[in-house]
Amino acid sequence: LRQALTVGEELLQRAQGSPRRSFDAHAKLGETFMHLGRFVDARHHLECALALPLSADDPARLREAPRVLAYLSWVLWYTGCPAQARACGEQALAQGRDATRAHTHAFVCGFLAFLFMFLDDKPRARALAEQQLRVSVEHDLNYWRVWSELTCDLLEMDVVGDARPEFRLARLHRSVAAFDAMSAQVGVPHFLCLVGAAELAAGRPAQARVAVHAGLAMSAHTGEGLDKLLDAI
């Protein structure tokens, strides 16, 4: 993430005078700042991207705007603006459904499934996770398939009286292992913390501690602002 921030700042310097290139640069910086836990900077750049004078059918806006809105919805949630986060998320979903790229559609469904989990709207979160799973399987998007499966299992762990918590926990750990097999790291510490919470809820504090410490170790390597995310949650 530190390297991504350096590249994003260089992109912005080179984008002077070009709304399209500026849109891309601000989007990349906003997304990077969100992962770093620098929410004020993230919101600034994401809102700058959306404010640029690009037509609704501009390729850069069509490609990136749903992602920018999804990231912005998380930033708004983390900074204590749940109503604004929900409204921004609805915009992201509307634009994501209209996007021509399956990857964008799957991305938005995945991010917004978590937003609605944050907002304690479990039925909406489940519907989006299942939609993401269908898109991912149809278009062979392995990363997003694993994301959707992990989300569905987290939601099932939240069901009172779940008769198979060990089965669900094993699936959660397999999902994390699948991310590791793909060399995916950014965002995975957040998942590890959620796995830790699921382990704790199942009465397994030792396993919960292992998951959280694994997340902290990974975030120390990537630069992810996990400590800030934990404080916000």
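The values are calculated or read from the model by the stated rules, or taken from the named source; none is laboratory data. Just so we're clear, the structure is a prediction, and the values are computed from it rather than from any experiment. Virtual Cβ from ideal backbone geometry, glycine too; neighbours counted across all protein chains shown. To get the accessible areas, we keep the full protein, side chains included, count just its heavy atoms, and leave off ligands, DNA and RNA. Shrake-Rupley method; radii C 1.70, N 1.55, O 1.52, S 1.80 Å.
Some points to look at:
- Of the solvent-accessible surface of the range 1-112, computed with a 1.4 Å probe and all protein chains present, 53% belongs to carbon and sulfur.
- Highest average packing first - 105-111, 9-15, 185-191, Cβ atoms within 10 Å: 105-111, 185-191, 9-15
- Estimated [θ] at 222 nm from DSSP helical runs (n ≥ 4, -39500 (n - 2.57)) normalised by residues in the chain, nearest 500: -26500 deg cm²/dmol
- For the chain, the per residue solvent-accessible surface stands at 47 Å², with DNA, RNA and ligands left out and a 1.4 Å probe.
- 0 to 90° range, to nearest 10: angle between helix 39-51 axis and the chain longest Cα axis: 50
- Per-residue HN-Hα couplings for the range 62-70 [Karplus 6.51, -1.76, 1.60; θ = phi - 60°; Hz; x = Gly/Pro]: 4, 6, 9, 4, x, 5, 4, 5, 5
- Shape call, the range 45-109: gyration tensor on alpha carbons, a/c limit 1.5: oblate
- Applied to the range 189-201, the Karplus parametrisation 6.51 cos²θ - 1.76 cosθ + 1.60 on θ = phi - 60° returns per-residue 3J(HN,Hα) values of x, 4, 4, 5, 5, 5, 4, x, 5, 5, 5, 5, 5 Hz, with x for Gly and Pro.
- Average Cα contact separation per residue, the range 7-139, under 8 Å, 6 or more apart, as relative contact order %: 17
- Cα centroid of the range 166-200 to Cα centroid of the range 53-81, whole Å: 27
- For the range 83-212, alpha-carbon Rg relative to the globular expectation (2.2 N^0.38 Å, N residues): 1.05
- Shape call, the range 1-51: gyration tensor on alpha carbons, a/c limit 1.5: oblate
- Calculated FRET efficiency for the pair Arg174/Ala56, C-beta based, R₀ 35 Å, to 0.05: 0.30
- Estimated from the Cβ-Cβ distance and a Förster radius of 22 angstrom, the FRET efficiency linking Val210 and Tyr143 is about 0.35.
- Farthest toward the positive end of the dipole of the chain, out of Phe118, Val195, Phe23, is the Cα of Phe23, where the dipole comes from beta carbon charges about the Cα centre.
- Relative contact order %, the chain, counting alpha carbon pairs below 8 Å whose residues are six or more apart: 15
- Listed peptides 29-41, 119-131 by packing density, highest first (mean Cβ within 10 Å): 29-41, 119-131
- For the chain, the longest principal axis of the C-alpha atoms and the axis of helix 82-98 are separated by about 70°.
- In degrees, nearest ten, helix 19-36 long axis to first principal axis of the chain (Cα): 30
- Calculated on C-alpha atoms, the gyration radius of the chain divided by its Kirkwood radius gives an Rg/Rh of 0.97.
- In a fully extended conformation the segment linking Arg21 and Arg2 would gain 4.7 nm over its present Cα-Cα distance, using 0.36 nm per residue.
- Full-stretch length increase - Ala184, Glu10 - with 0.36 nm per residue and alpha-carbon distance subtracted: 60.2 nm
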